[in-house]
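Written out below as structure tokens is the structure these notes cover.
The values are calculated or read from the model by the stated rules, or taken from the named source; none is laboratory data. In this text the structure is predicted, and so the values were computed from the model without any measurement. Reconstructed Cβ throughout: ideal geometry from the backbone, glycine too, with neighbour counts over all protein chains shown. Accessible surface is based on the protein model in full, side chains and every heavy atom, while ligands, DNA and RNA are left aside. Shrake-Rupley method; radii C 1.70, N 1.55, O 1.52, S 1.80 Å.
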Amino acid sequence: MSLHELPVLPHVEREAFRDAMSRLGAAVNIITTDGPAGRAGFTASAVCSVTDAPPTLLVCLNRSASVWPVFRDNGYLCVNTLSADGADLSTLFGGKTSMHDRFAAARWQTLASGSPLLEGSLVSFDCQITQTLSVGTHDILVCEVLALVRSEHAQGLAWFDRGYHTFSRQDAR
């Protein structure tokens, strides 16, 4: 199919955009915080690196989410990238389950920020939120990495086409 045969939409509707974004696979993460505003966590795939000097990543969070003021007020978070066996935990943190029950379903530690670090994650990035940018319904949280922990898990969890999929680390060739 050539570019000339593809339909071009003059205005991108919300549902068309959401359907298109479902084709953009991403790692599944549980984002956590703990501090004066309380303990909270949610599931996110909208996470990516920004720069390595200083080590920085971004997390997108809907301002209408019940956890938004907790993250805003605490100013710290931990990005916990799930291993292949994390689908149930992802669903739990992505739903309406109480915070107590979410955190009771796994084992946690802390690093520099005091935010909960999920034991068994592929990698956990302990961060300070250094900037916030509002775009549409979401805030983009720019997060400087204070510490990290990596595991030797060989399989990760991805979200693609509105479902969970596993992927495996390949040895360099």
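Going by what's in this entry, would Ala87 be described as over 15 Å from the mean Cα position of the chain (by Cα), hydrophobic (A, V, I, L, M, F, W, C) and open to solvent by less than 40 Å² (accessible area, probe 1.4 Å)? No: the conditions fail for Ala87.
Looking across segment 101-137, the residues that are open to solvent by less than 60 Å² (accessible area, probe 1.4 Å), of a type in the set (S, T, N, Q) and not in a strand (DSSP E or B) come down to Ser113, Ser115, Ser121. In segment 101-122, the residues that are aromatic (Phe, Trp, Tyr) reach residues that are assigned to a strand (DSSP E or B) and at pLDDT 95 or above with C-beta atoms within less than 8 angstrom, at least six apart or across chains, in these pairs: Phe103/Arg39; Phe103/Gly41; Phe103/Pro116; Trp108/Thr32; Trp108/Pro116; Trp108/Leu117; Trp108/Leu118. Whenever a residue of segment 57-83 is within 22 Å of Ser121 (Cα to Cα), its partners that are in a helix (DSSP H, G or I) and open to solvent by 40 Å² or more (accessible area, probe 1.4 Å), lying with C-beta atoms within less than 6 angstrom and at least six residues away or across chains, give the pairs Leu61/Trp68. Among all residues of segment 159-167, there is at least one that is of a type in the set (S, T, N, Q) and open to solvent by 60 Å² or more (accessible area, probe 1.4 Å). Only one of the listed residues (Asp34, Asp73, Asp19) is surrounded by fewer than 19 Cβ atoms within 10 Å (Cβ to Cβ) and at pLDDT 95 or above. That residue is Asp73.
Is it the case that segment 147-154 has a residue that's open to solvent by 30 Å² or more (accessible area, probe 1.4 Å) and among the basic types (Lys, Arg)? Yes, segment 147-154 contains a residue that is open to solvent by 30 Å² or more (accessible area, probe 1.4 Å) and among the basic types (Lys, Arg). Condition test on Thr97, is it touching a residue at least 24 places away in the same chain (Cβ under 8 Å), surrounded by fewer than 16 Cβ atoms within 10 Å (Cβ to Cβ) and hydroxyl-bearing (Ser, Thr, Tyr)? Judged against the criteria, Thr97 is not a match.
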